[in-house]
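Some notes on the structure that comes next.
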Amino acid sequence: MVFLNKVTDDVARTVVDASSHWRDDQVACWKQACAEEEIPHAKWAMENFIKNAVVADKKHCALCDDTGTPHPFLEIGDEASLPAGFLEAMEEGIRKGLNDLPARPMGVRGDELERISQCKGLYDEPGMLKPAPTQIRRMAGSKIRLTVLMLGGGPEIRSRTQALFHMHSLDHVVEEMITWAVPQVAALGCQPCTLSFGLGRTAVEASSLSLEAMKDGRYDVQSEIEKRITDAVNGKGIGPIGLGGASSVLATFIKIGDMRASGFRVVSMRPNCCMEIRKASCEWETL
Ligand code: SF4
């Protein structure tokens, strides 16, 4: 019971941290992009986003009014055992964290049909926003690690998961990914973005891998393909909040899973907005 209470408190702090704090590699990337931005009003916008992040970090308040939907990502060590009641304690921690922040009240009232039309309105309590289903992966060791990602609404409107034909060419697939990204980054409005991609065999697998790419992605570690996509979109001159400039995309995170023995690859793309990637982690030793 003592351990489960600690889980709830740790998860609540992690939700607040994810919602209010940019990580060090993210801050360094922002500062470098801002320093290199040559268009004055684009630079001005970036300077203000950085100031916003400093205040949010200092006051532990939300980076954006759209505080996002919590997406829990759980990694369980091969030698760890999940205590009875762990997931319930984790969900209680997410509820507490949303209330502590406080997040924008976005939980939709009603049964499964009423929630579609939103005819019963919203809950007043921020914590009534339920998290997305938990993603689970295994890892080495005896720890349990939870990463909470807060996903805003704007990028969801611009996200896309679809099969594309590979034409036996990696270049063709990458060019298609760039073709997908350009109009969605341009239409988002809350640039600069961080692009995330998952490539898999099914829509479910590709979407899960895109979330994993967000979890693992670092702004100071970019593969050749990730850099190629970032540079290609930045070459279009969309810029911060669409003002023009070189900083439309700060980084690209890609996770490539197993591939289907056929002519298509399922690709899931999310143009994460200027306040994202919003994520934080906590972990517990189980031995
Ligand atoms: S898209 Fe991002 S920055 Fe824009 S309102 Fe939503 S969470 Fe905030």
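A short reminder: the numbers here are calculations on the coordinates, not readings from a lab. Small disclaimer: the values here were computed from a predicted structure and weren't measured. In this analysis, Cβ positions are derived from the backbone assuming ideal geometry, glycine residues included, and neighbour counts consider all displayed protein chains.
Side notes on the structure shown:
- In the range 19-32, the qualifying residues are those that are in a helix (DSSP H, G or I) and away from the ligand (no atom under 16 Å from the Cβ), and the one that is nearest to L250 (Cα to Cα) is C29.
- Residues satisfying the stated conditions in the range 73-95, i.e. of a type in the set (D, E) and either within 25 Å of M150 (Cα to Cα) or buried (at least 19 other Cβ atoms within 10 Å of the Cβ) (or both): E75, E88, E91, E92
- Selection count where residues are assigned to a strand (DSSP E or B) and either more than 18 Å from A62 (Cα to Cα) or among the hydrophobic types (A, V, I, L, M, F, W, C) (or both), scope the range 138-154: 10
- Options Q118, Q135; residue that is in contact with a Phe, Trp or Tyr (Cβ under 6 Å, 6 or more places away or on another chain) and away from the ligand (no atom under 16 Å from the Cβ): Q135
- Considering only residues in the range 48-92 that are among the aromatic types (F, W, Y) and more than 16 Å from the ligand (Cβ to nearest atom), the one that is farthest from M139 (Cα to Cα) turns out to be F86.
- Flag if V15 is in contact (Cβ under 8 Å) with a residue 60 or more places away in the chain, within 16 Å of the ligand (Cβ to nearest atom) and touching a strand residue (DSSP E or B) at 6+ places or on another chain (Cβ under 9 Å): yes
- Single condition I157 does not satisfy, out of (1) within 16 Å of the ligand (Cβ to nearest atom); (2) under 19 Å from V15 (Cα atoms); (3) surrounded by fewer than 19 Cβ atoms within 10 Å (Cβ to Cβ): (2)
- Filtered residues of the range 187-221 (kept if of a type outside the set (S, T, Y), touching a helix residue (DSSP H, G or I) at 6+ places or on another chain (Cβ under 7 Å) and buried (at least 17 other Cβ atoms within 10 Å of the Cβ)): L188, C190, Q191, P192, C193, L195, F197, G198, L199, G200
- Among (1) surrounded by 14 or more Cβ atoms within 10 Å (Cβ to Cβ); (2) within 16 Å of the ligand (Cβ to nearest atom); (3) among the small types (G, A, S); (4) more than 16 Å from M269 (Cα to Cα) - the single one G107 does not satisfy: (2)
- Sole residue being assigned to a loop (DSSP other than H, G, I, E, B) and touching a residue at least 60 places away in the same chain (Cβ under 8 Å), chosen from S262, S210, S247: S247
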